[in-house]
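One structure below.
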Amino acid sequence: MTIFTRRNFLKSTVASAVVLGGIAVYWPRSGFAQPKDGMTNVLKIPPLETGRNEDGVQVYDLTMQNGTTEFFKGYQTPTSGINGSYLGPTLRVRNGAAIRFNITNDLGEPSTLHWHGMHLPARMDGGPHQVVQAGETWSPEFTIRQKAASLWYHPHLMGKTSEHVWRGMAGMVIVEDAESDALPLPKTYGVDDVPLVLQDRSFTRDGRMDYNLSMHSRMVGLVGDIPFVNGTYAPYFEATTTKLRLRILNGSNASTYNLELNDGQTFTQIATDGGFLEAPVELTLLQLAPAERAEIIVDLVAGKNVQLNNIAVSGSGGGMMRTNNNAPAFPFLEIRPAATLTKSAELPSRLTTMEWLMEADAVKTRVFNFEMRMGMGAMMGGDNSHTINGKAMDITRIDEVVTLGDTEIWELRNSSVMPHPFHMHDVQFQILDRDARPPAANERGRKDVVMVNPDEVVRIIMRFEDYADANAPFMYHCHILEHEDAGMMGQFVVVQAT
Ligand code: C2O
Ligand code: CU
Ligand code: CU
């Protein structure tokens, strides 16, 4: 495992560093107050928002706002958030519930809020067509129609998604249902059921996190060098139970994380993007692409600290471009179990039942080819630098027309030199295969993001249900936000069968 050593740091001319009890945290510019001993900040837990009932509708008030956040002692960093200065509350909703979000935009500029992973009518999706102008309130209303899952929300304004997310606007959504109620899993929010929004950011000397894209980051995405969890720098969490459920979101703009516990200890993945896996999967390494989620269970021993680290993993096939959207190695979180722990229930061996979609039921296969154009124009972030099927996103063009009720196969082909995390709105899909090989055990579930590696062909299958609207498109795109903004996005509509 790659970790920064004291010697590396002292030799480094660009980095100032602190070595913290065997782990190291660094930033490339000096000037910030440095933590003294190990992980020094209590992990912030986003407030849980369960909404209020208004005539049978569960209502959530969300205000997009600007503010400042003290990530580093003595430095007020300008940021944006929802109902706060950075990130937003965790929204808990129930399958079957009618809900309404009142989204007020106090940013002084247009933005949107998109419900990532949610199955809903396109007009409620919060994508680039549902702009909330400065000073206005938008109130999408719909019924939750999906199984228990950890979803999230973030702005999705045309050409501005990356900047708005970078400034801090994102939050988690927890969907619960009768199935999750019945499972003997840790479910006390903030105690043994903890959301972890993993991000990285970089800072200027005076503590701002300017959104200035270099030619390199325009091309490959913006990767920061300082890790944050729920907007907390160098965080620790004090655990009180023998099992800890972590709902992990890769909320970064562009970084792929490769997560490990220290000493190579195993942990158990119970859910992926769209909810529970059929059975728990034991892992020692979890790769999470931008926007992917995983719920994991970590077994704890009284008094024995556990660290969640991002490790450096080189990509397949060599070549710098293949690996450089991996974040640098850094520790994310230290878990500190109390001297005595409350015993948690044993993990069930079955979690849910998947309704597997059959290849034979697909009425159509669509091919999507992801390309990056090299050269000066592309480096300057020219509009056509990142494309799907040779086309850059055009908000006035519908790329695909899908018929309600159909099962389809989408074949994702990566003809570029770096991985692209593909995401589509409206549905949860299933992965059929990667280069004709079945997906890993922890990818056999409901997914809304799938990593497509260079030269790889990933086939996914999905069924379009419930919502048709010929005039309101859903998006599909690369979830490296700088790629999305540079054109690697398209639009599909779902129409009624004629
Ligand atoms: Cu996470 Cu189109 O979005
Ligand atoms: Cu989405
Ligand atoms: Cu991409």
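At 7 Å along Cα-to-Cβ for each site, give me the label-to-label distance between Ile45 and Gln265 in nm.
2.0 nm
Can you tell me what share of the DSSP beta bridges in the stretch 86-178 is antiparallel? A percent to the nearest 5 is fine.
On the way: 14 of 18 bridges.
Of those bridges, close to 80 percent are antiparallel.
Taking Cα pairs under 8 Å and at least six residues apart, what relative contact order does the stretch 210-258 come out at, in percent?
Working: 20 pairs, mean separation 20.6, N = 49.
Reported relative contact order: 42 percent.
Run the paramagnetic zone check for Thr240: 7 angstrom along Cα to Cβ, then residues of the stretch 277-317 with backbone nitrogen under 16 Å.
Under cut-off, by backbone N: 302-303.
Nearest-5 percent of antiparallel DSSP beta bridges in the chain? Provide the component values of the computation, followed by the final result.
Values: 89 of 130 bridges.
Taking every DSSP beta bridge with both residues in the chain, the antiparallel ones total about 70 percent.
Assign unit charges at the C-beta atoms only (+1 for Lys and Arg, -1 for Asp and Glu), then state the dipole size of the chain relative to its Cα centre in Debye, rounded to the nearest 20. List each step's numbers first, then the result.
Numbers: 43 positive and 57 negative charges, 312 e Å.
Here the size comes out at about 1500 debye.
If you roll a 1.4 Å probe over the chain with all protein chains in place, what percent of the accessible area is carbon or sulfur? Please list the in-between numbers first.
Working: 9110 of 18340 Å².
With neighbouring chains kept in place, the figure for the chain is 50 percent.
To the nearest Å, what is the center-to-center distance of the stretch 252-279 and the stretch 140-162, using C-alpha atoms only?
If we compute the Cα centre of each part, the gap is 21 Å.
Relative contact order for the chain: what is it in percent, counting Cα pairs under 8 Å that are at least 6 residues apart? Can you show the working numbers first?
Working: 1369 pairs, mean separation 70.1, N = 498.
After rounding, I find 14 percent.
Kindly state, to the nearest 0.05, the FRET efficiency for Thr68 paired with Ala436, given R0 = 45 Å and r defined as their beta-carbon distance.
Working: r = 51 Å, r/R0 = 1.14.
Efficiency for this residue pair is about 0.30.
Taking the Cα centre of the stretch 48-178 as the origin and placing charges on Cβ (Lys, Arg +1; Asp, Glu -1), which of Gly117, Thr77, Ala97 is farthest toward the positive end of the dipole?
Gly117
Taking 0.36 nm per intervening residue step and subtracting the Cα-Cα distance, what contour gain separates Glu282 from Val495 on full extension?
On the way: separation 213, 0.36 × 213 = 76.68 nm, distance 4.09 nm.
Between Glu282 and Val495, full extension yields 72.6 nm more.
Calculate, in nm to one decimal, what Ala470 and Ile395 gain on full extension: separation in residues at 0.36 nm each, minus their alpha carbon distance.
Values: separation 75, 0.36 × 75 = 27.00 nm, distance 1.46 nm.
Stretched out fully, the Ala470 to Ile395 stretch lengthens by 25.5 nm.
What does the highest-first list of 239-249, 350-360, 184-194 look like by mean Cβ count within 10 Å? Don't skip to the answer; put the middle values down first.
Values: 239-249: 21.7, 350-360: 12.8, 184-194: 17.2.
With the highest mean Cβ count within 10 Å placed first, the list reads 239-249, 184-194, 350-360.
Distance check, please: which entries in Lys187/Lys447; Lys160/Lys364; Lys44/Lys391; Lys44/Lys304; Lys44/Lys447; Lys73/Lys243 exceed 30 angstrom between their Cα atoms? Could the numbers behind the result be given before it?
On the way: Lys187/Lys447 22 Å; Lys160/Lys364 33 Å; Lys44/Lys391 42 Å; Lys44/Lys304 21 Å; Lys44/Lys447 28 Å; Lys73/Lys243 32 Å.
Long pairs (Cα-Cα over 30 Å): Lys160/Lys364; Lys44/Lys391; Lys73/Lys243.
How many angstrom lie between the Cα centre of the stretch 434-481 and the Cα centre of the stretch 106-120?
Spelled out, the Cα-based centre of one part sits 21 Å from the other.
At 7 Å along Cα-to-Cβ for each site, give me the label-to-label distance between Ser415 and Ala338 in nm.
About 5.9 nm, to one decimal.
Enter the accessible area per residue of the chain (Å², integer; probe 1.4 Å; all protein chains in place).
On the way: 18340 Å² over 498 residues.
Per residue, the chain has an accessible area of 37 Å².
When the helices in the chain are scored as -39500 (n - 2.57) per DSSP H run of 4 or longer and the sum is shared across all residues, what 222 nm value do you end up with, to the nearest 500 deg cm²/dmol? It would help to have the intermediate numbers written out before the result.
Numbers: 6 runs with 32 residues, N = 498.
Dividing the helical sum by the residues of the chain leaves -1500 deg cm²/dmol.
Per-residue HN-Hα couplings for the stretch 157-171, Karplus 6.51 cos²θ - 1.76 cosθ + 1.60 at θ = phi - 60°, whole Hz, x for Gly and Pro?
Whole-Hz 3J(HN,Hα) from phi for the stretch 157-171: 6, 3, x, 10, 4, 4, 5, 5, 5, 4, 5, x, 8, 5, x.
Distance in nm between label sites at Val59 and Ala302, each 7 Å beyond Cα in the beta-carbon direction?
4.9 nm
Give me the percent of DSSP beta bridges within the stretch 359-495 that run antiparallel, rounded to the nearest 5.
On the way: 28 of 39 bridges.
Here the share of antiparallel DSSP bridges comes out near 70 percent.
The values are calculated or read from the model by the stated rules, or taken from the named source; none is laboratory data. As the structure is a computational prediction, the values presented were derived from the model and not from experiment. For neighbour counting, all protein chains shown are included, and Cβ atoms are generated from backbone atoms with ideal geometry for every residue, glycine included. SASA here: full protein model, heavy atoms, side chains in, ligands and nucleic acids out. Shrake-Rupley method; radii C 1.70, N 1.55, O 1.52, S 1.80 Å.
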